[in-house]
Amino acid sequence: MQEIYEWFRWLNEATGINLTIVYDSYDRERMIDGFVNTIYLSLVCLGFSVIIGIVGAWLQGSPLKWTRRLVNGYIQLFRNTPPLVQMYFFFFALGSLMPRVENEWGIMEPILSNWHWAILSLSFFAGSFNVEIFRSGIEAVPKATVEAAEALGYNRLQTYVYVVLPLALRVCLPALNNNLVNLVKTTTLAYAIAVPEMLYVANQIWSDSLNVPEMMTFLLFAYVLLVGLLVMVMNKWERSMRLPGFGA
Amino acid sequence: MPSSSNAAAARHADANWTPDQPIVAIRNVHKSFGDFEVLRGITFDVMKGDVICIIGASGSGKSTLLRCINALVPIDSGSIKVEGQEVHQPNLNTLALRKKVGMVFQQFNLFPHKTALQNIMMAPVQVLKQDKDAVRERARRLLAKVRLEGKEDAYPGELSGGQQQRVAIARSLAMNPDVMLFDEVTSALDPETVNEVLLTIRELAEEGMTCMLVTHEMGFAREVADHMYFTDRGIIVEHGPPQEFFANPKDERTKAFLGQIL
Ligand SMILES: Nc1ncnc2c1ncn2[C@@H]1O[C@H](COP(=O)(O)OP(=O)(O)OP(=O)(O)O)[C@@H](O)[C@H]1O
Ligand SMILES: [Mg+2]
């Protein structure tokens, strides 16, 4: 390890390529935290956005007109506005309406932190796309298959959970993949409300060490790695879900 | 097991019904899709253990009639009772009805993401909450009954049409229905596999299962049916025991129809 650090120190002296995140322990820890935070933010939002997609698509098929309208309103709102504006709206507009509570050091602070708002806004942003993606999958499930479930005594929810969703998922996985990749990329917006994810940390580091090009390059490769990992896992999942004689 | 007490409760609701009364009683049923009246006053009874066959031209409302019996399609007026339970009432206990009435479709409609055995087990486990091991045991026996032992782990996409249809029959039987509805279950099959499915149905009929079949297999109908019904444009034009029905049709429309397909 020590030799690697020394090499990067030498690299800086010899060429001016200054990767403090390798040889400087303080920067290194900051960047590891940022990396972990980005993964954490991505996974949590991924989970919530998929849940929003599944529940939203279910509510969209509701017999109640107002439930359907509400879901459609949500989709329109979140699909047709920039995610950065959404994040600011959540953090500054909704955040200012939230009550404040005393924290463990006796300081008043909002009950929802910037982390919470980032998770909320990113999940609802990606969730709005997921609802539409799941709906397209649901529409591809033959009506006759649903009818067979009904004839066996399944109610609407049971039919959705046990028959429609597993089949719809197989149809919409490619589109879902795309949207989740998009979500991982969009987590960088949390930078705007000071969530210490990778971009935010990189910014701090380059302010201190004046190594903007190096950090930018590093960021690019870090995201290639993250997105590549996600795509690999999703493709593996897609393959394992493939059925003989069903779908493409 | 919770399911058996459910079943008892469901039976209890129709306590007035006794097996000597019609198991399915259809009275003056009307049904329209938009302006088009598909069923124009259908009335008949099916007794327990009876096998009845419904024949008729395409579009005469045969499928619609079957689908009204298990409440997949609502009716406009009239009444349908299954074991005394009124099918078309606002607070219908749908599950109680669907447990009594099994249905097999022309296109099999198996669940493509589950194996043959799982297809049979799903509803008893997920809907009736029966014990999984007991259901698996029963599902294996049902698969054997439809002559598909060894196909437990095959997905529907890996089975022939005739095999899929027999899994579909087993899936329906796993709910222990009292009446089975068959809607042209051999129409989508290759000629070679038609007979294996008909054999399965014949065995069911011989065991005393109440069956209502819509079919174009006249030879089969003649053999298994206790009673034939001929529908034309939403009404029953003629009915009777098969010998008489086929040998001696009275109505001109029946004659014309039989003349066409026999
Ligand atoms: N859900 C529906 N909406 C509108 N029209 C329908 C619907 N279901 C059936 N129909 C119409 O009702 C008529 C009777 O249909 P049905 O399927 O009951 O006939 P069938 O006797 O089973 O015919 P086939 O022998 O072709 O199966 C047809 O003209 C059909 O187009
Ligand atoms: Mg039909």
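The values are calculated or read from the model by the stated rules, or taken from the named source; none is laboratory data. Computed from a prediction, not measured in an experiment: that's the story for all the values here. Reconstructed Cβ throughout: ideal geometry from the backbone, glycine too, with neighbour counts over all protein chains shown. These area figures cover heavy atoms from the full protein model, side chains too; ligands, DNA and RNA do not enter into them. Shrake-Rupley method; radii C 1.70, N 1.55, O 1.52, S 1.80 Å.
Based on this model, can you work out whether B:Asp178 counts as away from chain A (no Cβ under 14 Å), modelled with pLDDT of 95 or more and open to solvent by 10 Å² or more (accessible area, probe 1.4 Å)? Against the criterion (away from chain A (no Cβ under 14 Å), modelled with pLDDT of 95 or more and open to solvent by 10 Å² or more (accessible area, probe 1.4 Å)), B:Asp178 does not qualify.
Quick grid of which residues meet (1) within 30 Å of B:Met122 (Cβ to Cβ); (2) assigned to a helix (DSSP H, G or I):
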position	(1), (2)
A:Val161	yes, yes
A:Leu169	yes, yes
A:Ala175	yes, yes
A:Val195	no, no
A:Gln204	no, yes
A:Phe218	no, yes
A:Val227	no, yes
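Listed here are the residues, each with its yes/no results for (1) out of contact with any Phe, Trp or Tyr (no Cβ under 7 Å at 6 or more places or on another chain); (2) over 30 Å from A:Leu112 (Cβ atoms); (3) open to solvent by 70 Å² or more (accessible area, probe 1.4 Å); (4) free of Cβ contacts under 8 Å to residues at least 40 places away in the same chain.
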{"position": "A:Glu147", "(1), (2), (3), (4)": "yes, yes, no, yes"}
{"position": "A:Ala151", "(1), (2), (3), (4)": "yes, yes, no, yes"}
{"position": "A:Thr159", "(1), (2), (3), (4)": "yes, yes, no, yes"}
{"position": "A:Met216", "(1), (2), (3), (4)": "yes, yes, yes, yes"}
{"position": "A:Tyr223", "(1), (2), (3), (4)": "yes, no, no, yes"}
{"position": "A:Gly228", "(1), (2), (3), (4)": "yes, yes, no, yes"}
{"position": "A:Asn235", "(1), (2), (3), (4)": "yes, yes, no, no"}
{"position": "A:Pro244", "(1), (2), (3), (4)": "no, yes, no, yes"}
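I'd like to know if segment B:101-122 contains one or more residues that are under 22 Å from B:Asn16 (Cβ atoms) and within 16 Å of ligand 1 (Cβ to nearest atom). Among the residues of segment B:101-122, not one is under 22 Å from B:Asn16 (Cβ atoms) and within 16 Å of ligand 1 (Cβ to nearest atom), which makes the answer no.
Residues in segment B:109-130 that are within 8 Å of chain A (Cβ to nearest Cβ) and outside any helix (DSSP H, G or I): B:Asn109, B:Leu110, B:Phe111, B:Pro112, B:His113, B:Val127, B:Leu128. When the criteria are applied in full, A:Arg30 meets the requirement of being open to solvent by 30 Å² or more (accessible area, probe 1.4 Å) and in contact (Cβ under 8 Å) with a residue 60 or more places away in the chain. Residues in segment B:70-86 that are away from ligand 1 (no atom under 16 Å from the Cβ) and in contact (Cβ under 8 Å) with a residue 12 or more places away in the chain: B:Ser77, B:Ser79, B:Lys81, B:Val82, B:Glu83, B:Gly84, B:Gln85. Inside segment B:136-154, can you point out the residues that are assigned to a helix (DSSP H, G or I) and surrounded by fewer than 20 Cβ atoms within 10 Å (Cβ to Cβ)? Across segment B:136-154, the qualifying residues are B:Arg136, B:Glu137, B:Arg138, B:Arg140, B:Arg141, B:Ala144, B:Lys145.
One residue alone among B:Phe44, B:Phe111 is touching a residue at least 24 places away in the same chain (Cβ under 8 Å) and either touching a Cys at 6+ places or on another chain (Cβ under 8 Å) or over 30 Å from B:Gln243 (Cα atoms) (or both), and that residue is B:Phe111. For segment B:55-69, the condition holds for no residue, the condition being that it is away from ligand 1 (no atom under 13 Å from the Cβ), part of a strand (DSSP E or B) and either open to solvent by 40 Å² or more (accessible area, probe 1.4 Å) or not small (Gly, Ala, Ser) (or both). A search for C-beta distances below 6 Å between a residue of segment B:205-225 that is within 14 Å of chain A (Cβ to nearest Cβ) and any residue that is within 16 Å of ligand 1 (Cβ to nearest atom), counting only pairs 6+ apart in sequence or on different chains, returns B:Met212/B:Ile52; B:Met212/B:Leu181. Please report, ordered by residue number, the helices (runs of 4 or more DSSP H) entirely within segment A:1-95 with at least 3 residues that are among the polar types (S, T, N, Q). In segment A:1-95, A:2-15, A:25-60, A:65-79 are the helices (runs of 4 or more DSSP H) which contain 3 or more residues that are among the polar types (S, T, N, Q).
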